[in-house]
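Down below is the structure, laid out as structure tokens.
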Amino acid sequence: MTRMLKYCSSCLLVLVLAGSLQAQDLRIRGLRIGYDVADLAYFFLDDHRSELEFSLDTELKKNIYAAAEFGTGNFSLTGETYDYASNGWFMRLGADRNFLKLRTSQYEMVFAGIRYGYSNMTHSAGNISISDPVWGDYTGGAIPPHTLNAHWIEIDGGIRGEIFKNFFIGWTMRYQRMIATSALETMDPVVIPGFGVYSGAKTRIGFTYSVSYRIPLYKVDYSKKKEDTKNTKEKETAKAKP
């Protein structure tokens, strides 16, 4: 009989604990760190250009994310009439909104967002040669290194999926519009880190394909939030009644 009572008590305890866990509606919060693997294409397809981009984002509240991207970029070109080189760094700051309505424990995203972008870079040109039938040929010219700043805004959209626990892949399309640059009148930058090919163009479309890992930091129990919201509504309803 004693063994039977212990067995029943153990079963009851397991059921109570299971019911308690099922009642919880937990959502993982943390810092997601990503890398843009699309930049690897430059290594294989473009000898003149190299870029490195990382991303950070964190969920402020359900489906609202603070986001940042940062990285470096280099470009060099040896032509028949001039040589050109540039290097610099960039950052983007903004937020994303997820439009999927999923369970609390799901983290897939179809999102849109906005960014402010900033880049600081240095570029120069050398071995400039100009042929002119009237004034004659000019060779050996150079434009010394010039540091410039660029500011732009973006409207972003994309998808992101969790392939394994805390591991994500996804892509982002970026509509970018340049606000201001401190470029020289005699030479526009060819490529602005974080913005892309420029050469005087004010708008462009960008693309990133990222892999990322979320560092889980804590969990939010949405079952309590839902209960608090329900109780608040019930109190408001009771007060409204005459």
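The values are calculated or read from the model by the stated rules, or taken from the named source; none is laboratory data. Nothing here was measured: the structure is a model prediction, and the numbers come from that model. Here the Cβ positions follow ideal geometry from the backbone for every residue, glycine too, while neighbour counts run over all protein chains shown.
Annotations for the structure displayed:
- ILE28 more than 30 Å from VAL220 (Cβ to Cβ) and either modelled with pLDDT under 95 or charged (D, E, K, R) (or both): no
Quick grid of which residues meet (1) exposed (fewer than 15 other Cβ atoms within 10 Å of the Cβ); (2) more than 20 Å from LEU184 (Cα to Cα); (3) of a type in the set (Phe, Trp, Tyr); (4) in contact with a Gly (Cβ under 7 Å, 6 or more places away or on another chain):
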residue	(1), (2), (3), (4)
LEU77	no, no, no, no
TYR84	no, no, yes, no
ASP96	no, yes, no, yes
PHE99	yes, yes, yes, no
SER105	yes, yes, no, no
GLU108	yes, yes, no, yes
PHE111	no, yes, yes, yes
ARG115	no, yes, no, yes
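- Out of GLU59, GLU80, GLU69, one residue alone is among the acidic types (Asp, Glu) and not in a strand (DSSP E or B). It is GLU80.
- The residues of the stretch 194-221 that are among the charged types (D, E, K, R) and either surrounded by 16 or more Cβ atoms within 10 Å (Cβ to Cβ) or in a strand (DSSP E or B) (or both), listed by number, are ARG204, ARG214, LYS219, ASP221.
- Residue in the stretch 95-111 that is without any contact (Cβ under 8 Å) to a residue 60 or more places away in the chain, of a type in the set (Lys, Arg), over 16 Å from ALA67 (Cα atoms) and not in a strand (DSSP E or B) present: yes
- Cβ pairs under 6 Å, 6+ apart, first in the stretch 162-177 and closer than 24 Å to GLY196 by Cβ and surrounded by fewer than 16 Cβ atoms within 10 Å (Cβ to Cβ), second at pLDDT 95 or above and among the acidic types (Asp, Glu): none
- Selection status of SER131, closer than 21 Å to VAL197 by Cβ and among the hydroxyl-bearing types (Ser, Thr, Tyr): no
- Flag if ASP46 is modelled with pLDDT under 90 and closer than 29 Å to ILE128 by Cα: yes
- Under the condition of being surrounded by fewer than 17 Cβ atoms within 10 Å (Cβ to Cβ) and in contact with a Leu (Cβ under 6 Å, 6 or more places away or on another chain), the residues counted in the stretch 61-71 number 2.
- Scanning the stretch 178-193 for residues that are assigned to a strand (DSSP E or B) and loosely packed, with under 14 Cβ neighbours inside 10 Å yields ILE179, ALA180, LEU184.
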